[in-house]
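One structure below.
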Amino acid sequence: MLSESKRVLVAEDEARLARMIAFKLAREGFEVIAANDGGEALELCMNRDVDAVVLDVMMPAMDGFQVLKRIKAYKPNLPVIMLSARSQEKDINYGLELGASCYLTKPFRPTELVECLRRQLGG
C-alpha cells in the first residue's frame, strides 16, 4: 500500500469496467475520481489535484489520445496510463509517443494497472 493516499482520475465510459477499476484501486489505497467521457476527464484533470490518470482510449466526446495531448500540454509530468482494446503496435506506440507512462491493452489484469501506477508514483 502507498504510504499516503494518491488521487487517481479514472476515465472509462464502460460502467462495469469503471466500477471494477475504482474498486480495485480503492482497495489498494488510492483515492479515485471518475469520469465517463473524454471531455469530463479533461475538465476534472485541469480543475482537480490528481496524482495520476487512467485513461480509456475509445470514449465519447473526446478520445483518450486527444485528452492525453491536452493533459501533457498543461501537466507534462503527470503520469497517464492508457487502457485500450486497440492493441496494434501503431496504437501503443502513438500513445507512448504522446506521453503515456504505460499502455495496457484490454483485457488486462487489475494488478497490472496497480503495478504501473505504483511505479509511476514511486510507491
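Readers should treat all values here as calculations from the given coordinates under stated rules, not as data from a laboratory. What you see is a predicted model, and the numbers here were worked out from it, not measured in a lab. Cβ atoms come from the backbone with ideal geometry, glycine included; neighbour counts cover every protein chain shown.
I want to verify a result. In a Gaussian network model of the chain, Cα cutoff 10 Å, which of these has the top mean-square fluctuation: Phe30, Phe65, Phe108?
It is Phe108.
Magnitude of the Cβ-charge dipole of the chain, K/R +1 and D/E -1, about the Cα centre, nearest 20 debye?
Result for the chain is approximately 220 debye, rounded to the nearest 20.
Expressed as a rounded percentage, what relative contact order does the chain have, with Cα pairs under 8 Å and six or more residues apart?
Worked out over the chain, it gives 23 percent.
Quick check for the chain: number of Lys pairs with alpha-carbon distance under 23 Å, counting only pairs 8 or more apart or on different chains?
Taking the Cα cut-off of 23 Å, the pair count is 9.
Under a 10 Å cutoff between Cα atoms, tell me which one of Pro107, Pro79, Pro60 has the largest fluctuation in the Gaussian network model of the chain.
For the chain, modelled as a Gaussian network with Cα springs under 10 Å, the answer is Pro107.
Counting each pair of different Cα atoms once, what's the Kirkwood radius of segment 7-121 in Å, rounded to one decimal?
13.6 Å
Step through the residues of segment 53-60 one at a time and calculate ³J(HN,Hα) from phi using the Karplus curve (6.51 cos²θ - 1.76 cosθ + 1.60, θ = phi - 60°), rounding each to whole Hz and writing x for Gly and Pro.
10, 10, 10, 6, 7, 8, 9, x
For Ala11, enumerate residues with amide H under 5 Å from its amide H, sequence gap 5+ or separate chain, H modeled in the peptide plane.
Ala35, Val54, Leu55, Asp56
Given Cα pairs under 8 Å that are at least 6 residues apart, what percent is the relative contact order of segment 25-94?
Relative contact order, segment 25-94: 30 percent.
Tell me what the chain gives for mean residue ellipticity at 222 nm when only DSSP H runs of n ≥ 4 count, each as -39,500 (n - 2.57), the sum divided by the residue total, rounded to 500 deg cm²/dmol.
-14000 deg cm²/dmol
Any idea how far apart Ala26 and Glu14 come out in nm if each label point goes 7 Å out from Cα toward Cβ?
2.1 nm
Once amide H atoms are placed 1.01 Å from N in the peptide plane, what residues at a sequence separation of 5 or more from Val32, or on another chain, have their amide H within under 5 Å of its amide H?
Excluding prolines and chain starts, which carry no amide H, the hits are Val8.
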